[in-house]
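Just so you know, all these numbers are worked out from the coordinates, no wet-lab data involved. Keep in mind the model is a prediction, meaning the values are calculated, not measured. Positions of Cβ are generated from backbone atoms using ideal geometry, with glycine treated the same way; all protein chains shown enter the neighbour counts.
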Amino acid sequence: MKKQIRIIGHFALLLGVFGLFGLFGLNNARADSSLYNGAAPRYTTPAKYSNGLEHAVYISANGDNSNYGGSSRQTLINNDVWKLSNKPYFYEHLYLKNSNPTGGADISVAQFLRFPKDLSGGSAPFLPVGDPATAAVITGGTLGQFTITKPYGNSNIVINGSLKPQQSIDVAVPLAYDGIGLVYTNAYYEVRENNWEFDGTSLYFRVGLPIDVQTYPDFMKGQYLVTYKDQDGYYRQATDVQPLMPQFNLENDIEIDNVNKGLGTNDGTTLFSNATYRVLGDQMSANNGQPFWDMLQSRGYAPVWTNRLLTYESFTAGYPGGSTPTDPDYFKYMVDCKINPNAVRTKKISFL
């Protein structure tokens, strides 16, 4: 059973939580931004139907906008800035534009805007504030041009109307934390727009705690220590390669994936709780200038993981003080392996 705690983290959130902690630093956004969209520029390319209707869903909080739906990149709500315990509003948006040129065809729309609770079997603790049909604000339309209905109660709304060529609208509905449901930092909540006939776009967001990577216990400083297991099962220092081991370098050795876009996308230097990170052995250099793996193999060592050459291993970031830290010292799980056609077996090694 998951242990309940008093902060948002890897586990659950207790009702009545007061305040959260952390730090926030981004490469391309204000330090006080409530949303983190990844290290790349905010994704704002809408999808487009064959009739020329551009469409996208997104969220906003404290004047900050998320990525558009339709990208593999997601969005994080930084609970240091947008504090769940204060039950603030955020907004779910529908963006629509008739991209036909001036003089082209009008486009009739009947677009659903679906809320997180509608898309989670009722488990998402985020609800529209009041009646979503009357609370929705349409920007860019004219009086009487659009109507909003609730075909299935408060679980979603449908925007009906007609867009003239080059006209766009933005429909915003306030949502808020219900103060009751448990929130997990590893849970993604969905907002979605779609048509009666056609698929639309989705955006997944989660609430995260920023982690100070300088004090995070996984990220040790100093030189990597290499050992091998002897015939009696004891670990002994591999003195022949220890002087060549690299120093830990936070900027070079660790890669972060906060918004579920995939490792290898260089997602900034801020680490959020329940984000994925990996230790990049394939980017390290030995002290003699050799690539790290080349140095080891030339001296009879070959790190592997489950029968394949190990060049990195990924981990999930727990929040400070809330759980036992994951262990980035993946090298210590090395097993004997074959590194050449002659089946020469290498020493079993561990980097501590």
Burial ranking of peptide ranges 81-90, 102-111, 61-70 (average Cβ count within 10 Å, highest at the top): 61-70, 81-90, 102-111
Cβ-Cβ FRET estimate between GLN231 and GLN290, R0 fixed at 35 Å, reported to 0.05: 0.75
Radius ratio Rg over Rh of segment 66-118, counting only Cα atoms, Kirkwood formula for Rh: 1.11
Gained length - SER85 relative to TRP196, 0.36 nm times residue gap less alpha-carbon distance: 36.3 nm
Rounded to whole Å, sorted largest first: equivalent-ellipsoid semi-axes of segment 130-241, Cα gyration tensor: 56, 17, 15
Sequence-distant residues sharing a close amide H with THR227 (under 5 Å, placed H): ALA238, SER350, PHE351, LEU352
Label-point separation, SER314 to SER162 (7 Å along Cα→Cβ), nm: 4.9
Gain in span if fully extended, ASP131 to THR269, counting 0.36 nm per residue against the direct Cα distance: 45.6 nm
Cα-projected label distance for GLN223 with ARG299, points at 7 Å along beta-carbon direction, nm: 1.0
Estimated translational D of segment 38-93 in µm²/s (Stokes, Kirkwood radius over Cα pairs; 20 °C; 1.002 mPa s): 169
Förster radius 51 Å - calculated FRET efficiency between ILE180 and ASN252, Cβ distance, rounded to 0.05: 0.70
Added length on full extension, which subtracts the Cα-Cα distance from 0.36 nm per residue, ASP32 to THR45: 2.2 nm
Longest to shortest principal axis, alpha-carbon extents of segment 21-167, angstrom: 52, 35, 27
Virtual spin-label span in nm between ASN65 and ASP240, 7 Å along Cα→Cβ: 6.1
Label point at ALA105 placed 7 Å out along Cα→Cβ; residues across segment 36-53 whose backbone nitrogen lies under 17 Å: 48-53
